[in-house]
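One structure is given below, encoded as structure tokens.
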Amino acid sequence: MSPAHLDHPVVVEPHDGVVWKVLAEVAAERQNQIERGHSLTLDDAYIDRELARASGAYALNAAAQTAGSLYWPWPGHTWQPADARRDLVRSAALAIAEIERLDRAHAVEALACP
């Protein structure tokens, strides 16, 4: 959807440091997830949308500070909510992990079906 179709259009200039700072934070969180052992191989084993559900759990927690844990796909002791902003950064990084997983799965399927 283009900005012209939004109720409140937002123009982001390439030099807008705030936007790039947030994107860098999300990228750094994604890299931290990988470095902490959440490898691409491990991500690929999550075939029941666990990464998407974890992303949603953190986003819900940021919105309501209560419901997120109900959707957490892993054992309760691994649920580690923080403040709303930190939870949104985690949510975005987990969403990226799920998108990457879907892309890899699609690539494997495409190779299997000539």
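The values are calculated or read from the model by the stated rules, or taken from the named source; none is laboratory data. Worth saying up front: this structure is predicted, and the values here are computed from it rather than measured. We place every Cβ from the backbone using ideal geometry, glycine too, and count neighbours over all the protein chains shown. Heavy atoms of the whole protein, side chains included, go into the accessibility calculation; ligands, DNA and RNA do not. Shrake-Rupley method; radii C 1.70, N 1.55, O 1.52, S 1.80 Å.
Can you tell me how many residues in region 78-114 are exposed (fewer than 11 other Cβ atoms within 10 Å of the Cβ) and touching a residue at least 24 places away in the same chain (Cβ under 8 Å)?
Result for region 78-114: 0.
I'm checking my understanding of the structure. Among residues of region 23-39 that are among the polar types (S, T, N, Q) and part of a helix (DSSP H, G or I), which one is surrounded by the most Cβ atoms within 10 Å (Cβ to Cβ)?
That would be Gln33.
Please list, ordered by first then second residue, the pairs with beta carbon atoms under 9 Å, 6 or more apart or interchain, first in region 40-69 and aliphatic (A, V, I, L, M), second modelled with pLDDT of 90 or more and exposed (fewer than 12 other Cβ atoms within 10 Å of the Cβ).
Ala62/Asp83; Ala62/Arg85
Return the residue satisfying two criteria in turn: it lies in region 40-61 and is touching a Phe, Trp or Tyr at 6+ places or on another chain (Cβ under 8 Å) and either among the hydroxyl-bearing types (Ser, Thr, Tyr) or open to solvent by less than 60 Å² (accessible area, probe 1.4 Å) (or both), and of such residues it is nearest to Asp83 (Cα to Cα). Write out each step before concluding.
Just the residues of region 40-61 that are touching a Phe, Trp or Tyr at 6+ places or on another chain (Cβ under 8 Å), to begin with: 50, 53-54, 56-57, 60.
When the remaining residues are screened for being either among the hydroxyl-bearing types (Ser, Thr, Tyr) or open to solvent by less than 60 Å² (accessible area, probe 1.4 Å) (or both), the result is 50, 54, 56-57.
Numbers: Glu50: 22, Ala54: 16, Gly56: 15, Ala57: 13 Å.
Selected residue: Ala57.
Would you be able to say whether some residue in region 79-88 is closer than 19 Å to Ile99 by Cα, modelled with pLDDT of 95 or more and of a type in the set (Lys, Arg)? Please lay out each step first, then the result.
Quick first cut of region 79-88, residues closer than 19 Å to Ile99 by Cα only: 87-88.
If we keep only those that are modelled with pLDDT of 95 or more too, we end up with 87-88.
Filter again for of a type in the set (Lys, Arg), leaving none.
No, region 79-88 contains no residue that is closer than 19 Å to Ile99 by Cα, modelled with pLDDT of 95 or more and of a type in the set (Lys, Arg).
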